[in-house]
Amino acid sequence: MTGSVYFGRMRPIYSVAELLVRHSQTRGQQIAFSGPGREVSYADLAARTGRIAGYLASAGLAHAGRVAIVLGSRIEAVESTLAITRAAAIGVPLDPRSSEAELADALADSGARMVVTDGQRLGRVRAAAGEGTVIVVVAPDVPEGCLRYEDLAERDAPRPAPDDLGLDEPAWLHYT
């Protein structure tokens, strides 16, 4: 981790990764987020995002690489956002209601080479994504050529989360 920064007598400023790990240690079993049919504790959130981040880093995602998120309001959207930050990459949250053309423009402009989406939006994302784009799908059954989100979140990653995004480095690229 990058370490906290102190400004005079003020409290330290922590990175997102540091806050996530600290919360997992101090509030472990408290619920961090809940959604339809699912809850995630701070401890589980730290573990799951760490595994996803480790996978992203081991899959060749470069420091400051871009990963698009095309999901509605769900826990996996939060997990993905945090995992991308823990992988020292830049998250590109896109409107899940975007048309195929809007997605294609945003993906090309952002340079995102990975996309996290769900089964409902997969057709539009696949049509909009460029050749070689890695697509991670939040769904029980995933088509060939895509990665299953839960496999990344539940299985041990080939390496730990880098957790080295600097406090002054960009973390998100938003389109309006």
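The values are calculated or read from the model by the stated rules, or taken from the named source; none is laboratory data. What you are looking at is a predicted structure, and each value in this text was computed from that prediction instead of being measured. FYI the Cβ positions are ideal-geometry reconstructions off the backbone, even for glycines, and counts take in every protein chain you see. Each accessible area value is taken on the protein alone, full model and side chains, heavy atoms only, with ligands, DNA and RNA left out. Shrake-Rupley method; radii C 1.70, N 1.55, O 1.52, S 1.80 Å.
Just give me the residues in the stretch 135-146 being under 19 Å from the mean Cα position of the chain (by Cα) and either of a type outside the set (A, V, I, L, M) or open to solvent by 50 Å² or more (accessible area, probe 1.4 Å) (or both), in sequence order. If the condition is that a residue be under 19 Å from the mean Cα position of the chain (by Cα) and either of a type outside the set (A, V, I, L, M) or open to solvent by 50 Å² or more (accessible area, probe 1.4 Å) (or both), then Pro140, Cys146 are the ones that fit.
Checking each residue in the stretch 25-56 for being within 27 Å of Val134 (Cβ to Cβ) and among the β-branched types (Val, Ile, Thr) picks out Val40, Thr49, Ile52. Quick check: anything in the stretch 44-52 at pLDDT 95 or above and either assigned to a strand (DSSP E or B) or open to solvent by 70 Å² or more (accessible area, probe 1.4 Å) (or both)? Yes. Scanning the stretch 111-128 for residues that are small (Gly, Ala, Ser) and open to solvent by 20 Å² or more (accessible area, probe 1.4 Å) turns up Gly111, Gly119, Gly123, Ala127.
The residues listed here are Glu169, Glu154, Glu144; of these, the one that is free of Cβ contacts under 8 Å to residues at least 24 places away in the same chain and out of contact with any strand residue (DSSP E or B) (no Cβ under 6 Å at 6 or more places or on another chain) is Glu144. Residues in the stretch 27-58 that are in contact (Cβ under 8 Å) with a residue 12 or more places away in the chain and β-branched (Val, Ile, Thr) were compared, and the one that is nearest to Glu79 (Cα to Cα) is Thr49. Looking across the stretch 159-176, the residues that are more than 25 Å from Asp109 (Cβ to Cβ) and open to solvent by 100 Å² or more (accessible area, probe 1.4 Å) come down to Arg159, Pro160. Number of residues in the stretch 76-108 that are under 14 Å from Gly54 (Cα atoms) and free of Cβ contacts under 8 Å to residues at least 12 places away in the same chain equals 0. Looking at the stretch 57-83 only, could you name the residues that are among the hydrophobic types (A, V, I, L, M, F, W, C), over 21 Å from Ala127 (Cα atoms) and touching a helix residue (DSSP H, G or I) at 6+ places or on another chain (Cβ under 7 Å)? Residues satisfying the conditions are Leu82, Ala83.
Got a sec? Which of Ala53, Ala43, Ala32 is hydrophobic (A, V, I, L, M, F, W, C) and farther than 23 Å from Ile90 by Cβ? Just one listed residue meets the conditions, Ala43.
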